[in-house]
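Before any comments, here is the structure.
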Amino acid sequence: MPESPYHLDHPRRILVLKAIREVCTHRRWTLLAAHVRTEHVHVVLSSNSPPEKAMNDLKAYASRQLNDSGLDVPSRRRWTRHGSTRYLWNSQQVEQAIGYVSDEQGLAMALYINEQR
């Protein structure tokens, strides 16, 4: 690794969560849950796009938000090349994923739960 691992402190977590919400609004995706942690991000959303596209768009919006904040140099590497993506096929799987994101990650950091799901 040419750079040290990237850590999201509180201001950066808030910016990433804001970016996640913005891209979901812009793409007309339904954001069900998001939890921005120090070293990773969990997102559950409903979309007509493949999970890989959604993940790439989320990373792009978050990077733009972080670049615009002036907290990092724009060339800073933040994300892995890929990430874990899964299809959720029924409401039980969706609710389990939301529970995992919201309740099984330790202390809540930058957390969003869509209560109107």
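The values are calculated or read from the model by the stated rules, or taken from the named source; none is laboratory data. Because the structure is a prediction, the values reported are computed rather than measured. Note that we place each Cβ from the backbone using ideal geometry, even for glycine, and neighbour counts take in every protein chain shown.
Quick rundown of the values:
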quantity	calculated
Yes/no for L66 being within 12 Å of the chain's Cα centre (by Cα) and aliphatic (A, V, I, L, M)	no
Among (1) modelled with pLDDT of 95 or more; (2) part of a helix (DSSP H, G or I), the one test that E52 misses	(1)
Condition met for V41 (without any contact (Cβ under 8 Å) to a residue 12 or more places away in the chain and of a type in the set (V, I, T))	no
Enumeration of residues in the range 77-96 that are surrounded by 10 or more Cβ atoms within 10 Å (Cβ to Cβ) and closer than 14 Å to V43 by Cβ	W79, G83, T85, L88, V94
Residues that are more than 17 Å from D103 (Cβ to Cβ), out of contact with any helix residue (DSSP H, G or I) (no Cβ under 8 Å at 6 or more places or on another chain) and not polar (S, T, N, Q), drawn from the range 27-51	R28, E39, P50, P51
Given (1) closer than 30 Å to P2 by Cα; (2) outside any strand (DSSP E or B); (3) without any contact (Cβ under 8 Å) to a residue 60 or more places away in the chain, index of the condition L107 fails	(1)
Residue list for the range 48-70, filter: surrounded by 13 or more Cβ atoms within 10 Å (Cβ to Cβ), farther than 17 Å from K18 by Cβ and among the polar types (S, T, N, Q)	S49, N56
Subset of the range 1-23 that is outside any helix (DSSP H, G or I) and either free of Cβ contacts under 8 Å to residues at least 40 places away in the same chain or within 20 Å of A33 (Cα to Cα) (or both) - its residue that is farthest from the chain's Cα centre (by Cα)	M1
Count of residues meeting criterion [closer than 20 Å to M55 by Cβ, without any contact (Cβ under 8 Å) to a residue 40 or more places away in the chain and of a type in the set (S, T, Y)] in the range 65-104	4
Total residues in the range 9-29, condition more than 26 Å from P50 (Cα to Cα) and buried (at least 19 other Cβ atoms within 10 Å of the Cβ)	1
